[in-house]
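Peer 1: There's a structure below that I have some questions on.
Each reported figure results from applying straightforward, stated rules to the coordinates on display, with no laboratory input. Worth saying up front: this structure is predicted, and the values here are computed from it rather than measured. So basically every Cβ, Gly included, is an ideal-geometry build from the backbone, and we count neighbours across all protein chains shown.
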Amino acid sequence: MKKCFFLFIFLLLIAASVFPQDTLTKKQLRKQQKSFLITKRPWTIEAPLWLPGFAGSFAYGDINIEGEDGTDPENPIEPPGGDLGEIISRIFTTSWYLKFFFLTKISYEKNRFLVQLDALSGAVGYSTKFNYNDKQIVQANFRTTNLRLIGGYELIQVNSKNKKFRYELFGYLGVRGYFQKVYSDLDGIVNKLDIHPFWIEPIVGLQNQFTFKRWLIVLQGDYGGLFVASKYSIQFTGYVYYRTGRITSLKLGWNHLRLNHSGTFLKEDYKVNVTLSGPSVGFVFHF
């Protein structure tokens, strides 16, 4: 009986030692699941957070529309004929106030491959105006939506000895599409300018990722176009994720886009130069 009793006590002690070990392991797993070093959730979806006054106070937008003559007369006069095409033959340049700045992203990363779709939208022209003639002022507005789809491959991965830091370099190819609307009115009544530029161009770029436990820093840059001076784009993006839970993160970043495009409107050539630069704040989900 004594042997059975001691054997029973011994088994209880083993079970008691195993239980706290299992509990500790679960805590460690919960902690690890909040780390970006664990790559079991390949999907990332961002939902932008709208902070009142944030985008308008910090973002910047600038639009330059140039007609085929490329000049702006110092003393504007009534363009002969008054056709829309003759308004395009003017150039008007000013600092445009950016009403809002929007950036979201959906990405999938697994087995060294990366697929990403993101969108940028802005509306500028809060107080933009140019001289139609020596008496009348034209109010102008500009809206744009830019989509980017890329596919990349991990070229370099470096891990620290303690497995708490990881660096990754991705090279990628893709396309960028632009949906724009340039319009203005004269004395708020007559629509004098209504252009809808749209084009798609190939892009090539690099993405750097720095991972440290709950922190993920991404630096991304690419060039779009066919190496033609009149049609190109450059985009730089930098942002920081902080993991708040197993499937959630907070994001704070900055996006800068510069594009140059030329086209034809009413048989006249024009150029649109756009710069959009501003912050992005988002709530992120990982699946």
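Peer 1: Listing Lys251, Lys271 from the residue with the fewest other Cβ atoms within 10 Å to the one with the most, what is the order?
Peer 2: With the fewest neighbours first, Lys251, Lys271 line up as Lys271, Lys251.
Peer 1: Would you order Asp62, Asp118 from fewest to most other beta-carbon atoms within 10 Å of each residue's own beta-carbon?
Peer 2: In increasing order of surrounding Cβ atoms, one gets Asp62, Asp118.
Peer 1: If you plug each phi of segment 272-286 into the Karplus form 6.51 cos²θ - 1.76 cosθ + 1.60 with θ = phi - 60°, what whole-Hz ³J(HN,Hα) values come out, in order, with x for Gly and Pro?
Peer 2: Per residue, the Karplus-derived 3J(HN,Hα) values read 10, 10, 10, 10, 10, 9, x, x, 9, 10, x, 10, 10, 10, 10 Hz.
Peer 1: What is the set of long-range amide H partners of Arg214 at a cut-off below 5 Å, with H atoms built 1.01 Å from backbone N?
Peer 2: When sequence neighbours closer than 5 places are left aside, the close amide H contacts are Phe36.
Peer 1: Amide H to amide H, which residues 5 or more places from Thr248 or on other chains are under 5 Å from it, using H placed in the peptide plane?
Peer 2: Under 5 Å from the amide H of Thr248 lie the amide H atoms of His286, each far enough along the sequence or on another chain.
Peer 1: Taking amide H positions as placed 1.01 Å from N in the peptide plane, with prolines and chain starts having none, which residues 5 or more places from Leu49, or on another chain, fall under 5 Å of its amide H?
Peer 2: Residues meeting the amide H criterion: Val281, Gly282, Phe283.
Peer 1: May I ask you to derive the relative contact order of segment 217-256, considering only C-alpha pairs under 8 Å and at least 6 residues apart, and to give it as an integer percent?
Peer 2: 35 percent
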